Structure formats: C-alpha cells, structure tokens
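What follows is calculated from the coordinates using simple rules that are stated; it is not laboratory data. Just so you know, these numbers come straight off a predicted model, no measurement behind them. Cβ atoms come from the backbone with ideal geometry, glycine included; neighbour counts cover every protein chain shown.
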Amino acid sequence: MLTAVDVRSKVPEVRGVPGLGCVPWMLRDGPGFLLREARAHGPLFRAKMGPGSLLVVAHPRDLRVVLHEQAKDFVRGNTVDLVRPLLGNGLPLSDGDFWLKQRRTMQPAFNRGHVALLADKMAAVCERRLADVPLGATIDVHRFFTHLARDVIVETMFSDSVANESQRLDEAFVEVSAFAGSRAFLPVKIPIEWPLPSNTRFRNAVATIDTVVSSIVKRRRDGERKGDLLDALLDARDPETGDAMAPEHLRDELVTIFFAGHETTANMLTWAWVELSSHPEWARRMRDELVALAPDRPIVAEDVAKLPVTNAVLREALRLHPPAWIFARQRLEPFALRDYDVRAKEVLLLCPYVTHRLEEYWPNPDVFDPQRFLEANPFTLGGGREIHYLPFGSGPHVCIGNFFAITEGVIAMGALARHGRLQIAEPSRVRSVVASTLTAANTRARVEAW
Ligand code: HEM
C-alpha cells in the first residue's frame, strides 16, 4: 500500500496518494481502510483527503472527551452540509439552543413508555410483510427489511400509510442515500446547484420525499388527532412566544425521522441475518428462546426485556456492522486532543466501526459471538461513559430512536421465529456498501422452515 506515515507530525498521518490523499481508499472500502490504518497506527490518526484532512477518532478515551466531557464545544457544523438539502435543520444536523428545543419537543414520543404503546403496530407490520413471503420464497433481505422498517415508521410515528406512493418513495430514498455515500469523501465539494445528472436525480428525490411528507401533514391537519410524533410536533408551542413550529422546521423533523428511522434499523436486521446465515447455532438459540416465550402470539412490549439471546444477537450485529459507522464533529477554534494540536474546523471523524473492533476491548474482534453480550449486558444500548460500544452514539446527541429500533428488531425476530428463517445463500459473498449508512449488497435469501 502507498501509505506513508509522517513521523514528524505528532498524530500519525496517513498521506495516501499524491493530490488525492486517502480518497480512493475511502471510496473503495471506507470501513476496511479505516480499520486497517487504525490497527497499524492506533485509533487516533489523521488521513489526508485531497487538499484537506480528517482526524479519525476511535479510542474510547478520546470519544469521551468529544462526546461527553467537552460535548458543548463540538458541533456538527458544516460536516453535514451534504445532506442539508434533504434534512434541513432536523435534529441530527442541528446544534445549540435550536437543537435542544427540538429534542425536548420530540423526546416524549421516543420514551420507553411511549415506544411500548407502539409495539402492537410494529408487530402488525411484521406479520403483514411476512404474509407476502411464504416458505420457499426467494427475497432480497435488505430490501425486505427496508420496506418493513419504512412501514413501521410511517404507521407508528405518523399513523398513516404510504402504500400508494411506496415505489417512488423507495426509489427516492435509495437515490438520496447513494448520493450521500458517493459524495461524502470527494476531495472537492460539488455544488448541488450544478446541472449534473446526479444533482438532478438527488433534487428530484428530495422533492418526492417532500411531497409525500407534506401530504401526510395535510391529511392530519384535515383529520383527527392520533397522539403520535406528528401530533407532538404539530402541538408544540414555543414557551416564550407561544408560536407553533414553523412549517419548514416541521418538515425537516419529519423527513429526518422518516430517513434516520428506517434505513438504520433495516441495516441492523439485515446484518443480523447475514451473520445468522453462517451461524445457524445462534439462529436456533434465538428461535428457541422466542418460541419458548411466545409460541403462538406476536412479541409484546413487556417481552423485549425477557429475551437475552435475541437482544445479544442484535447487539453483536450492531457491533460488527454499525449502520452509523461514522459520524462527525468539529470545533470552531483550535484545540488540543491528548497533546495533539487540532486546527479550527478540522473534521473529526468518529468511527464506531473501528471502536467496535479494538482488540483491547473486544477479544477476537472480527468474530460474530453474541455470547460476549450475554456475559456482559445483553440489553445495553451502549454509549455509557466507557465508550467502547456506541452503535447509537453517546452523550447529549445519543440516538433518540435507540429503544424504538431495538424494540422493532426484537419484534421482527419474534415474527420470523414463528414464520421461517432467512437463509442467505452465500453469506461470504455479501458485500458492505457505504451509502448514507453501512448497508449490505448480495443479500438474496430463501425463506426456509425452521
Ligand atoms: C439500529 C438503528 C439506529 C442506529 C444504529 C442509529 C444510530 C444513530 C447514531 C450513531 C446517532 C448519533 C449521531 C451523532 O451523534 O451525530 C443517531 C442520532 C439520531 N437518530 Fe438514530 N439510529 C438508529 C435508529 C433510529 C430511529 C429508529 C430513529 C427515529 C425513529 C432515529 C433517529 C435519530 C435522530 C433524530 C438522531 C439525532 C439525535 C440528536 O442529535 O439529538 N434513529 N442515531
């Protein structure tokens, strides 16, 4: 490999190829590249990217500084500009007082008590989706779970349905996700206004998503209240002015929940079945546990905390294949991390994918072994102060939908335990693909009897 480490710089620096830096490797296989370099130089290093650089941060002690101890000093800033045309100023893209106000408005819809009330709807979606894939059917696992998770979000958070718009909506989500994945590491920013085919496709996809979301809002304004997230946003009033949420902010939060809430969960379930396909002993243990608790009924909210094996399988899939494999922060003024100088606005690339495979914390890190969570805590959502497990992030911005996602995952596994297993024909041919999250390709599988 052409990597050269600059011994003069204090933080190890991976320079890559002249002019481009590490861009070709990030584009070819970002997770693999970062892991390789972290194993070679340690989990804090700088990667040259064209004329600039990224500071890769993956050691728990550094993550604690950025996400907890000095969290207030770090912002998402311009690291999220690429997806701003889609998500506007939604929660994952905002900072400071505006973020706090929006987070407080939305939090109740995601609290455990409220998520428990949504379990029946989640189970109904799972049963309906599985009815379309009888034993013997061949399916694309990633696509199957993407549709399932999309319906769960629409039916639980917006109490609505997108059955009539589903195809163009799915195409739009695939487009925006691929756009984010392909542009994130280009050495130069391509303005979204330029008349390029990929820009046009992206803008059209955003317009499609906007149309669907605004028709959901219109139906609600004309209809009855449902007590869901959409109502919470419509009812929110500014404590000082008494004003309702501005239409553009409402739009941003709804598109955010739609987007952030389904692709990630779909990837968790997809990767779990990639691993279960080559570890049938864990598939069997999980199924036995689920069937012993609920032989002839869907999983209900109170069951979720009584299923350690199922929870451990999901945790281990999230460890090896965290859907949010990277996220970013920056600081507006220069600062020091350990003893190293960091420039103002340098992008800090926080990388759970690397953290989750540090040998110091995870023996045999590349091996799928849910036993490690059974022995520690199969119900952890991660992100505590000892941050070596952070699939949902950590600190004030920790994923608002973490418990929602796990509940959905366990309920989906319960439905499959009574229906059939998803056997991916050649798990070794499954490829990681970096879209806006870490997703999987080549996931064709047969629905088989247990
Ligand atoms: C397995 C599924 C999921 C994973 C792996 C995941 C991962 C993450 C991560 C790592 C963050 C932190 C980003 C940062 O600190 O910059 C985050 C934030 C967020 N997630 Fe999730 N997420 C999942 C499911 C969901 C669901 C189901 C929803 C909503 C229904 C959701 C909505 C959000 C929102 C709104 C934020 C921003 C929170 C804030 O900044 O206050 N996520 N997620």
In debye, nearest 20: dipole of segment 291-450 around its Cα centre with unit charges on the Cβ of K, R (+) and D, E (-)?
420 debye
Can you give the FRET efficiency for Asn78 and Glu281, using 1/(1 + (r/R0)^6), R0 = 45 Å, r = Cβ-Cβ distance, to the nearest 0.05?
0.45
If you take all C-alpha pairs in segment 152-192, what percent of them are over 15 Å apart?
59 percent
Pair-distance profile P(r), taking every C-alpha pair of segment 33-81, with 10 angstrom steps and integer %
22, 46, 31, 1
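Compute the semi-axes of the equivalent ellipsoid of segment 223-322, taking the square root of 5 times each eigenvalue of the Cα gyration tensor, and list them largest first in whole Å.
38, 18, 11
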Just want the ordering: Thr105, Thr138, from fewest to most Cβ atoms lying within 10 Å of their own Cβ.
Thr138, Thr105
Could you name the lysines whose alpha carbon sits less than 18 Å from that of Lys121, not counting residues in the same chain fewer than 8 places away?
Lys226
Shape parameters for segment 195-278, alpha-carbon atoms, Rg then Dmax in Å:
17.4, 57
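Which loop GluC sites (Glu not before Pro) in segment 308-381, with loop taken from DSSP, have no more than 11 other Cβ atoms within 10 angstrom of their Cβ?
Details: sites: Glu316, Glu346, Glu359, Glu360, Glu375; in loops: Glu346, Glu359, Glu360.
Sparse-neighbourhood loop GluC sites (Glu not before Pro): Glu359, Glu360.
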Kindly provide the pair-distance distribution of the chain built from C-alpha pairs, with 10 Å bins from 0 and whole-percent values in order of increasing distance.
4, 20, 31, 27, 14, 3, 0
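What per residue convex hull volume, in Å³, comes out for segment 278-391 when only alpha-carbon positions are used? Don't jump to the answer; show the numbers that get you there.
Working: hull volume 15.5 nm³, N = 114.
About 136 Å³ per residue, rounded to a whole number.
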Sequence-distant or interchain residues sharing an amide H contact under 5 Å with Glu13, placed H: which?
Asp6, Arg46
Under a point-charge model restricted to the Cβ atoms of Lys and Arg (+1) and Asp and Glu (-1), what is the dipole moment magnitude of the chain relative to its Cα centre, in debye to the nearest 20?
780 debye
Under 5 Å, built H, 5+ apart or other chain: amide partners of Val57:
Leu349, Leu350, Cys351
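How much length is gained if the chain between Val291 and Glu448 is pulled fully straight, taking 0.36 nm per residue apart and subtracting their Cα-Cα distance, in nm to one decimal? Before the final figure, lay out each step's value.
Working: separation 157, 0.36 × 157 = 56.52 nm, distance 1.64 nm.
Additional length available on full extension: 54.9 nm.
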Can you compute the charge dipole magnitude of segment 372-438 about its Cα centre, using +1 on each Lys and Arg Cβ and -1 on each Asp and Glu Cβ, nothing else charged? Give it in debye, rounded to the nearest 20.
180 debye
Segment 40-136: radius of gyration and largest Cα-Cα distance (Dmax), Å:
20.2, 54
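Could you work out the relative contact order of segment 253-351, using alpha carbon pairs under 8 angstrom and six or more residues apart, expressed as a whole percent? List each step's numbers first, then the result.
Details: 70 pairs, mean separation 24.1, N = 99.
For segment 253-351, the relative contact order is 24 percent.
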Near Lys72, which lysines are there with a Cα under 28 Å away, not counting those fewer than 8 places off in the same chain?
Lys10, Lys48, Lys101, Lys189, Lys345
Neighbour-count ranking for Leu318, Leu293 (other C-beta within 10 angstrom, fewest to most) reads Leu293, Leu318
Mind jotting down the distance between the C-alpha centroids of segment 206-258 and segment 372-406, whole Å?
29 Å
How high is the relative contact order of the chain? Use alpha-carbon pairs under 8 Å, at least six apart in sequence, and give a whole percent.
24 percent
Note: probe point = Cα of Phe98 + 7 Å toward Cβ; backbone nitrogen < 14 Å; residues of segment 222-247 passing the test are 246-247
Summing -39500 (n - 2.57) over every DSSP H run of at least 4 in the chain, dividing by its residue total and rounding to the nearest 500, the 222 nm mean residue ellipticity is -15000 deg cm²/dmol
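So what are segment 403-450's ellipsoid semi-axes, whole angstrom, largest first, if each one is the square root of 5 times an eigenvalue of the alpha-carbon gyration tensor? Let's see the in-between values first.
Details: eigenvalues 92, 71, 6 Å².
Semi-axis lengths for segment 403-450 are 22, 19, 6 Å.
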Report relative contact order for segment 312-450 in percent, whole number only (criteria: Cα-Cα under 8 Å, sequence separation at least 6).
22 percent
Within a 10 angstrom radius of the beta carbon, how do Trp25, Trp194 rank from fewest other beta carbons to most?
Trp194, Trp25
